[in-house]
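*Asks:* Sharing a structure here in C-alpha cells format.
Just so you know, all these numbers are worked out from the coordinates, no wet-lab data involved. Note that the structure is a prediction, hence the values are computed from the model and not measured. Heads up, the Cβs are rebuilt from the backbone with ideal geometry, glycines too, and the neighbour counts pull from every protein chain shown.
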Amino acid sequence: MAAGMTTRLVHADQAGIEEAGALLAGGGIAAIPTETVYGLAACMRGPGVPEIFAAKGRPQDNPLIVHIADVSMLGQVVAAIPHAAMDLMDAFWPGPLSLILKKNPGVPDTVSAGLDTVAVRMPAHPVARAIIRAAGEPLAAPSANTSGRPSPTRAEHVLADLNGRIPLIVDGGPCDVGVESTVLDLSGGYPTILRPGDITAQQIRKVVPEIRIRRTAADDDAVPASPGMKYRHYAPSAQVVVLDGKPAHVAREVRQRYDYDREVRRHPRILCADRRTDLFADLDCRSLGQGAADTEQRLFDELRRADIDGRDVIYFLYEDDMGTAVRNRILKAAAAAEGSERAE
Ligand code: AMP
Ligand code: MG
C-alpha cells in the first residue's frame with residue numbers, strides 16, 4: 001500500500017456508487033456501507049483481495065464473506081445450493097445472514113483462506129447492492145476496521161482506522177443493524193451457527209428446525225472470559241467489565257468500583273439499558289436504548305466513543321433482552337482488552 005495515500009470520503013449517491021463501482025471493477029478496494037457494519041470490499045477474483053488483508057492487518061487464515069447483489073450471482077460463488085439454504089435465502093435475504101456453503105472452484109483461496117467452503121450473503125442495504133452491480137462481480141468484504149478494533153458502524157469509524165490506507169469510503173450514514181451478520185454453516189454435517197447476529201437462532205429454527213450453536217469460551221457461563229482466544233476482537237483501548245445479575249446488586253457493585261476508579265484518578269463510563277440510567281444519574285453513564293435492536297445499533301459506536309472521550313474503563317451492564325449477538329461481542333471485547341474481567 002502506497003504511503004501517504006489520500007482517503008476520499010464520498011456520499012452514497014449515484015456519483016459515489018459509480019465511483020466506488022469503477023474503482024472496484026479496476027481491481028481496487030473501497031469501504032462501503034451495508035446494513036450490518038461498513039465493509040472493506042474488493043472484487044472476489046480481483047487483485048484487491050490481498051490489499052484488504054494488508055489494510056486491516058487481518059490474519060491470512062481468517063476467510064472473507066462474499067457479497068452478492070442478486071441470486072443470479074450465486075453460481076459464481078458456491079458449488080451447490082442445498083434445500084435448507086434456498087429456504088433460508090427466501091426467508092432472510094437480502095439481510096444479515098451469511099451462509100457457509102461448498103465453494104465454487106473460481107473463488108480464490110485468498111478469499112476462503114484455503115478452505116473448500118465460502119461464506120456468502122446478500123446485503124439488505126440498497127447502496128451495497130448497487131455498488132456490487134456497478135463493480136460487476138461479487139465483492140469479498142470483511143468489516144472495514146483495523147483488525148481487533150470494534151467494527152465500524154459509521155464512515156467516521158472507518159476513517160479513524162484506515163485513513164491513508166484505503167483510497168475511498170462511501171458514506172451511507174450510521175448502519176441500521178450495527179453488528180455483523182449471523183454466520184450459519186450449511187457446508188455439510190449439522191447446520192451450525194458459528195457467529196450470532198441480528199437474525200437469531202429462534203428465527204432460523206422456524207425455517208430449519210435442526211440447528212446447533214457453536215459455543216465459544218466467551219459464551220461459557222462457568223468461566224470468566226479469558227484473553228486466550230485466537231484473535232483479539234472488538235477491543236476499545238478502555239478496559240471492559242461486563243456485569244450481569246440482579247439490577248440492585250449490579251448497581252451497588254458498579255458504584256463501588258466507580259468510586260474507587262475516581263479515587264485512583266481513572267475515568268470510568270457506564271453503558272446500560274435506558275431503563276437503568278436513573279440509577280446512575282449522577283455518574284458518567286450512557287444509554288444503549290431498549291432491547292436487542294437498539295443495543296446492537298449503538299454498541300460499537302459506544303465502545304469507540306468511550307476511547308474518544310478518554311475513558312479508562314467501561315462498565316457494561318448486560319441484560320438478557322440485549323440478545324446473544326450483543327452478549328457475544330461484549331464478552332469478546334472484555335476478553336480482548338488487557339486486564340478486563342467479567343463480574344456477576
Ligand atoms: P467479518 O468479515 O469481519 O465479519 O468476518 C467474517 C467472519 O466469517 C469471520 O468470523 C470468519 O471466520 C467467518 N467465515 C468466513 N468464511 C468462512 C468459512 N468458509 N468457514 C467458516 N467461517 C467463515
Ligand atoms: Mg470483522
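*Asks:* Between residue 133 and residue 284, how high is the FRET efficiency from 1/(1 + (r/R0)^6) when r is the Cβ-Cβ distance and R₀ = 45 Å? Nearest 0.05.
*Replies:* In this case the efficiency is close to 0.50.
*Asks:* Under 5 Å between amide H atoms, partner at least 5 residues away or on a different chain: which partners does residue 35 have, H built in plane at 1.01 Å?
*Replies:* Hits under the 5 Å cutoff: 124, 125.
*Asks:* List the residues whose amide H sits under 5 Å from the amide H of residue 271, counting only those 5 or more places along or on another chain, with H placed 1.01 Å from N in the peptide plane.
*Replies:* Distant-sequence amide H within range of residue 271: 286, 315, 316, 317.
*Asks:* Relative to the first principal axis of the alpha-carbon coordinates of the chain, what is the inclination of helix 126-135, with its axis defined by its Cα atoms, in degrees from 0 to 90 and to the nearest 10?
*Replies:* Between the helix axis and the principal axis of the chain, the angle is about 40 degrees.
*Asks:* GNM, the chain, Cα, under 10 Å: largest mean-square fluctuation among 213, 131, 65?
*Replies:* 213
*Asks:* If the viscosity is 0.890 mPa s and the temperature 25 °C, what translational diffusion coefficient in µm²/s does Stokes-Einstein give for the stretch 71-111 when Rh comes from Kirkwood over Cα pairs?
*Replies:* It diffuses with D of about 223 µm²/s by this estimate.
*Asks:* Does the stretch 83-220 come out rounded, prolate or oblate by the C-alpha gyration tensor, with a ≥ b ≥ c the root eigenvalues, rounded set by a/c under 1.5 and, if not, prolate when a/b is larger than b/c and oblate if not?
*Replies:* Since a/c reaches 1.5 and a/b is larger than b/c, the shape of the stretch 83-220 is classed as prolate.
*Asks:* Can I ask one more? What lysines does residue 246 reach when the alpha-carbon gap must be under 30 Å and sequence neighbours fewer than 8 apart in one chain are set aside?
*Replies:* Counting by Cα, and skipping residues close in sequence, residue 246 has these lysines nearby: 332.
*Asks:* How big is the Rg/Rh ratio for the stretch 13-60, C-alpha atoms only, Rh by Kirkwood, two decimals? It would help to have the intermediate numbers written out before the result.
*Replies:* Details: Rg = 11.1 Å, Rh = 11.2 Å.
The Rg/Rh ratio comes out at 0.99.
*Asks:* Could you tell me the center-to-center distance, by alpha carbons, between the stretch 19-50 and the stretch 266-283 in angstrom?
*Replies:* Between the Cα centres of the stretch 19-50 and the stretch 266-283 lies a distance of 39 Å.
*Asks:* Exposure proxy check: 322, 5, 86, 73 ranked by fewest other beta carbons within 10 Å?
*Replies:* Values: 322 25, 5 14, 86 11, 73 20.
Listing 322, 5, 86, 73 from fewest to most nearby Cβ atoms yields 86, 5, 73, 322.
*Asks:* Label the stretch 1-136 by shape, choosing from rounded, prolate and oblate, from the square roots a ≥ b ≥ c of the eigenvalues of the Cα gyration tensor; if a/c is under 1.5 it is rounded, and otherwise prolate applies when a/b is larger than b/c, oblate when it is not.
*Replies:* Oblate.
*Asks:* Now a separate question. What does the helix-only formula give at 222 nm for the chain: each DSSP H stretch with n ≥ 4 adding -39500 (n - 2.57), the total divided by the residues, and the result rounded to the nearest 500 deg cm²/dmol?
*Replies:* Counting only the DSSP helices, I get -9000 deg cm²/dmol.
*Asks:* Let me ask something additional. Taking a ≥ b ≥ c as the square roots of the Cα gyration tensor eigenvalues, with a/c under 1.5 meaning rounded and otherwise prolate when a/b beats b/c, else oblate, which class fits the stretch 227-298? Walk me through the intermediate numbers first.
*Replies:* Numbers: a/c = 1.73, a/b = 1.10, b/c = 1.57.
Here the stretch 227-298 falls in the oblate category.
*Asks:* Residue by residue, what Karplus-based ³J(HN,Hα) values in Hz, rounded to whole numbers, does the stretch 165-180 have, using 6.51, -1.76 and 1.60 with θ = phi - 60° and x for Gly and Pro?
*Replies:* Once θ is set to phi - 60°, the couplings for the stretch 165-180 become 10, 9, x, 8, 10, 8, 8, x, x, x, 6, 5, 7, x, 10, 5 Hz.
*Asks:* Order these by the 10 Å Cβ neighbour count, fewest first: 83, 67.
*Replies:* With the fewest neighbours first, 83, 67 line up as 83, 67.
*Asks:* Calculate how many DSSP beta bridges within the chain are antiparallel, expressed in % of all such bridges and rounded to the nearest 5. Mind showing how you got there, number by number?
*Replies:* On the way: 16 of 45 bridges.
Of all bridge pairs located within the chain, approximately 35 percent are antiparallel.
*Asks:* I would also like to ask the following. Please turn the phi angles of the stretch 315-322 into ³J(HN,Hα) values with the Karplus equation 6.51 cos²θ - 1.76 cosθ + 1.60 (θ = phi - 60°), one per residue in order, whole Hz, x for glycine and proline.
*Replies:* 9, 9, 8, 7, 10, 4, 6, 6
*Asks:* Let me ask another. Expressed as an acute angle from 0 to 90° and rounded to the nearest 10, what is the orientation of the C-alpha long axis of helix 14-25 relative to the principal long axis of the chain?
*Replies:* 70
*Asks:* With everything on Cα atoms, drop me the angle between helix 247-263 and the longest principal axis of the chain, reported from 0 to 90° to the nearest 10.
*Replies:* For helix 247-263, the angle is close to 80 degrees.
*Asks:* Using 0.36 nm per residue of separation minus the Cα-Cα distance, give me the extension gain between residue 321 and residue 264 in nm, one decimal.
*Replies:* Extra length available between residue 321 and residue 264 comes to 17.1 nm.
*Asks:* Continuing with the same structure: List the residues whose amide H sits under 5 Å from the amide H of residue 9, counting only those 5 or more places along or on another chain, with H placed 1.01 Å from N in the peptide plane.
*Replies:* 169
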